[in-house]
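Report on the structure given below.
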């Protein structure tokens, strides 16, 4: 006995004309094309108007599903102009030494006392007895520790590398000592050895280059008051450097106050006396 349901369906569809397969496919392609054009037209309008959020909602409404579109404008990075820093070197204000260092009264410490290049003996450096009362040695810290910027050669960076180590006079060895008092005021010293044929050129060329530096304000003070050559370099706050030469050795001393000529000369004379322990030109 035929199933009533199938009999009912057969009776209702017996006279129905089914479209050929090719026609169904053609209509499907037309419908898909129409929907695609509609979605693309809407996307164009939304992108021009900035409606990216509405576009996403439309794209999620049904097939065909379009990938999200994000309108971006190429960004060309603007290079930042670079210029030499105008932060002055820190003279006479040392950083706090490491707590594990143990300098003795002669300035020997656990780091930083070893000379480089042609050896400069410790006896050629300033000693505690040469300094005002209250100063004690403290360990030298390398440039990575931020302590190397006290040198007058640091101005070469501020001056745009117009000069280096006194106008190209390269040293063959150096040694440093650092001292400070209870008020954290510092005295730093570097003694450098230069070739005999060029040591006499260092201070004159350094003086010329400093006078020509417009990016950092320094003044040249007293000259020729100690050793074979000498001069004082003064910053606007009266801190500065005492520079003296004896033979092939040049001492650079950074102090907090160079405005008192008597104290400057006394320290310069003491430095020259010590330099005689490291050169045969005395």
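All of the numbers you see were taken from the coordinates with simple rules; none came from a lab. Quick caveat: nothing in here was measured; it's all calculated off a predicted structure. Glycine gets a Cβ as well: all are built from the backbone with ideal geometry, and neighbour counts include every protein chain shown.
Per 0.36 nm of contour for each residue apart, how much would the distance between residue 172 and residue 237 grow if the chain were fully extended, relative to their Cα-Cα spacing?
Extra length available between residue 172 and residue 237 comes to 20.2 nm.
Can you give the relative contact order of segment 210-266 as a percent, counting alpha carbon pairs under 8 Å and 6+ residues apart?
So the answer I get is 24 percent.
Tell me, in nm to one decimal, what length is gained between residue 263 and residue 129 on full extension, where the rule is 0.36 nm per residue of separation less the Cα-Cα distance?
Answer, rounded to one decimal: 46.8 nm.
For the ranges 265-272, 222-229, 184-191, 238-245, what's the packing order if you count other beta-carbon atoms within 10 Å of each residue, average per peptide, and put the highest first?
Highest mean packing first, the order is 238-245, 184-191, 265-272, 222-229.
Could you work out the equivalent-ellipsoid semi-axes for segment 175-282, taking the square root of 5 times each eigenvalue of the Cα gyration tensor, largest first, in whole Å?
With the √(5λ) rule applied to segment 175-282, the semi-axes are 21, 18, 12 Å.
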